[in-house]
Amino acid sequence: MKGIVFTEFLDMVGAKFGENMVDDIIDDAQLPHSGAYTSVGTYPHTEIVALVTSLSKRTDLSLDTLLEVFGRHLFGRFYKRYPTFMDSSPDALSFLMGIETIVHTEVRKLYPDAQLPQFETHRIGADQIQMNYSSAHDFSTLAVGLIKGCAEHYQCTLDIERSAPRSAGASTAVDFVVTRRV
């Protein structure tokens, strides 16, 4: 997993829960990297899981709640770092339709070793798309947060239906139906 996910998570924790909480969850998680991440580095996904789990225990917030909040935060940070991805799409559904073909293609150019989830998207109607998510590690709740962050960015309301995670070979697959309320 790219280090930007770790650095942004720790920044979010510091902003929402205080810098002491950052130190506490790093200590609790007993990480091989001791919480020293660079945005361009690559780290085991188990370390972000350990950090989120530690934060969940310390805050009594569920893992799903924390991952969704983080996804919303992460979308905003991605916009600040890479505004051209969002600025080139006229609306939220258009942006989401281009996640794999535009955004992930460009991310892989910048970071060839990035282990990104895969999205296969289909337009169901003018205000509805289906997104088939597949990843070696189930961070589909983080994806929900990112979709909600996308809705906030484009100032619209998106309803998200999500299937239960299922095994797809070595990956986990989740289907999303995203509907823009008009």
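Give, in whole angstrom and from largest to smallest, the semi-axes √(5λ) of the equivalent ellipsoid of the stretch 68-180, with λ running over the eigenvalues of the Cα gyration tensor.
Details: eigenvalues 76, 64, 35 Å².
For the stretch 68-180, the ellipsoid semi-axes come out as 20, 18, 13 Å.
Report the Cα-based extents of the stretch 139-182 along its three principal axes, largest first, to the nearest Å.
The Cα atoms of the stretch 139-182 stretch 37, 16, 10 Å along the principal axes, largest first.
On a 0 to 90 degree scale, rounded to 10, what angle separates helix 3-17 from the longest Cα axis of the chain?
Around 70 degrees separate the two axes.
Over every pair of different alpha-carbon atoms in the stretch 3-61, take the mean of 1/r and invert it; report that Kirkwood radius in Å.
11.2
Can you compute 3J(HN,Hα) from phi for each residue in the stretch 88-101, using the Karplus curve 6.51 cos²θ - 1.76 cosθ + 1.60 with θ = phi - 60°, rounded to whole Hz and x for Gly and Pro?
Computed from phi, the couplings for the stretch 88-101 are 7, 10, x, 7, 4, 5, 4, 4, 5, 4, x, 3, 6, 6 Hz.
For the stretch 74-133, what size does the Cα cloud have along each of its three principal axes, sorted from largest down, in whole Å?
On the principal axes, the stretch 74-133 reaches 34, 22, 17 Å in Cα extent.
Across the stretch 29-37, in residue order, what do the Karplus-derived ³J(HN,Hα) couplings come to in whole Hz, using 6.51 cos²θ - 1.76 cosθ + 1.60 with θ = phi - 60° and x for Gly and Pro?
6, 6, 7, x, 8, 6, x, 9, 10
Roughly speaking, what is the stretch gain from Asp127 to His33, that is 0.36 nm per residue apart minus the C-alpha to C-alpha distance, in nm to one decimal?
Length difference between fully extended and current span is 29.4 nm.
How high is the FRET efficiency from Thr53 to Ala114, r the C-beta distance, R0 41 Å, rounded to 0.05?
After rounding, the FRET efficiency stands at 0.95.
Under 10 °C and 1.306 mPa s, how fast does the stretch 1-131 diffuse according to Stokes-Einstein, given a Kirkwood radius computed over C-alpha pairs? Answer in µm²/s, whole number. It would help to have the intermediate numbers written out before the result.
Working: Rh = 16.1 Å.
The estimated diffusion coefficient comes to 98 µm²/s.
Can you give the FRET efficiency to the nearest 0.05 for His45 and Asp159, using r as the Cβ-Cβ distance and R₀ = 25 Å?
Once the sixth-power term is evaluated, E becomes 0.30.
Which order do Ile124, Ile147, Ile26 fall in if you start with the one that has the fewest other Cβ atoms within 10 Å? Show your work: numbers first, answer last.
Details: Ile124 11, Ile147 24, Ile26 20.
So the residues, fewest neighbours to most, are Ile124, Ile26, Ile147.
Spelling out what I want: for every residue of the stretch 151-167, take phi, set θ = phi - 60°, compute 6.51 cos²θ - 1.76 cosθ + 1.60 (Karplus), and round to whole Hz; glycine and proline get x.
4, 4, 4, 8, 6, 9, 10, 10, 8, 10, 9, 10, 6, 5, x, 9, 6
No lab work stands behind these numbers, since they all come straight from the coordinates. Since this is a predicted model, take the numbers as computed values, not measurements. So basically every Cβ, Gly included, is an ideal-geometry build from the backbone, and we count neighbours across all protein chains shown.
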